[in-house]
1. With Cβ to Cβ distances under 12 Å as the rule, what net charge do the other residues near L123 carry (K, R +1; D, E -1)?
2. Give me the Debye-computed log₁₀ of I(q)/I(0) at q = 0.11, 0.18, 0.24, 0.25 Å⁻¹ for the stretch 172-255, equal point scatterers on Cα only, no solvent, two decimals.
3. Which of S89, S179 has the fewest other C-beta atoms within 10 Å, and how do the rest follow up to the most?
4. Return the sequence-ordered ³J(HN,Hα) values of the stretch 246-263 in whole Hz as given by the Karplus equation 6.51 cos²θ - 1.76 cosθ + 1.60 applied to θ = phi - 60°, using x for Gly and Pro.
5. Diagonalise the Cα gyration tensor of the stretch 23-295 and give the resulting equivalent ellipsoid semi-axes, square root of 5 times each eigenvalue, largest first, whole Å.
6. Have a look at the stretch 1-133 and give its Rg and Dmax from the Cα atoms, expressed in angstrom.
7. Taking H as built 1.01 Å from N, whose amide H comes closer than 5 Å to the amide H of L249, not counting residues under 5 places away?
8. Please compute the length gained on full extension between T225 and I206, using 0.36 nm multiplied by the number of residues separating them and subtracting their Cα-Cα distance.
Amino acid sequence: MNEQQPWAWSEVEWRRLVDQVRAGRSLAPRSWPNGARAAVALSFDSDHETNELRDGARSIGRMSWGQYGPRQGVPRITRTLDRHGVRASFFVPAVAALLHPEEQRDLAAAGHEIGIHGWIHELNSALPYETERDLMFRAADVLEKLTGRRPVGMRTPSWDFSPNTLRIVRELGLLYDSSLMADDDPYELLEAGEPTGIIELPVEWIRDDAVYFNMHRFSGLRPYTPPEAVFDIFRREFDGAYSEGGLFLLTMHPHVIGYRSRIWILDRLLEYMKEKGDVWFATHAEVASHVKAEAGL
């Protein structure tokens with residue numbers, strides 16, 4: 001890496017940095033299945049205890065907070081999804097999957113998707129290529145062994161995408177990634193300016209429950225948004241997707257959305273979206289497969 005200050009970089013250098021991973025052509029389809037006007041892809045990042053473990057921390061209190069996810073969060077989420085007849089995608093660090101193997105088996109048996117979410121919720125950008133690759137391949141192996149299905153998609157822990165991540169996604173032979181933010185609708189990823197055939201299902205902090213509700217008593221992090229306001233933000237994001245005929249992708253966490261005072265957000269949002277009558281609810285893998293077929297990739 002050039003050690004010069006950014007303002008001293010040559011055009012070759014800053015273009016090289018920007019072009020490492022870039023949004024390519026839009027893959028927003030001409031139509032969604034069954035004549036739907038918009039698509040909805042719900043996802044849950046089942047970090048569980050790994051939020052504390054990944055930094056080498058050992059707080060029993062924070063690990064118990066993570067354990068709330070499998071004990072209460074996931075059951076409340078699955079009951080809500082079942083009531084509405086909706087399947088979702090669960091992105092699970094391998095360590096969390098090994099701590100709670102029956103959860104993964106039950107989710108897969110119910111038709112939900114299990115996707116890669118790192119090994120122990122590590123930060124990819126802090127790792128050399130060989131380590132990041134080893135952890136991602138091992139994570140894929142663990143999820144396949146537990147569920148009987150090889151994952152076809154991944155979401156990087158904390159949406160932390162290293163210069164090597166896309167290379168590893170391609171080596172894994174994945175259908176899609178869901179970690180980047182260059183659009184509202186699906187697009188193809190470029191690597192050094194070249195099309196990869198990898199579909200990106202974009203995320204955004206606006207459409208993530210954690211940014212509104214997270215808490216850490218030893219830092220300045222405090223919940224600052226009432227649940228009614230979070231529901232309103234999510235609803236408006238969906239309304240925009242519906243108006244444009246696009247994709248509404250929402251990221252939630254069992255240890256965040258799963259509380260008694262918050263799970264109603266998911267329930268009411270599903271009610272609201274289903275009232276439209278022409279919305280396609282799908283897993284991330286189903287959305288990626290549809291846009292791939294539409295684009296002829």
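Values in this text are rule-based calculations from the coordinates and carry no lab data. The model shown is predicted, which means the values in this text are computed figures rather than measured ones. As a convention, Cβ positions derive from the backbone with ideal geometry for all residues, glycine included, and neighbour counts pool all protein chains shown.
1. Details: positive: R54; negative: D55, E122, E132, D160.
Its environment carries a net charge of -3.
2. -0.41, -0.86, -1.14, -1.19
3. Numbers: S89 26, S179 23.
Going from least to most buried by this count: S179, S89.
4. x, 9, 10, 10, 10, 10, 9, 10, x, 7, 10, 7, x, 6, 4, 7, 10, 4
5. Values: eigenvalues 131, 118, 61 Å².
In descending order the semi-axes read 26, 24, 17 Å.
6. Looking at the stretch 1-133, its Cα Rg and Dmax stand at 20.1, 58 Å.
7. Long-range HN contacts for L249: A41.
8. On the way: separation 19, 0.36 × 19 = 6.84 nm, distance 1.22 nm.
The T225-I206 span can extend by a further 5.6 nm.
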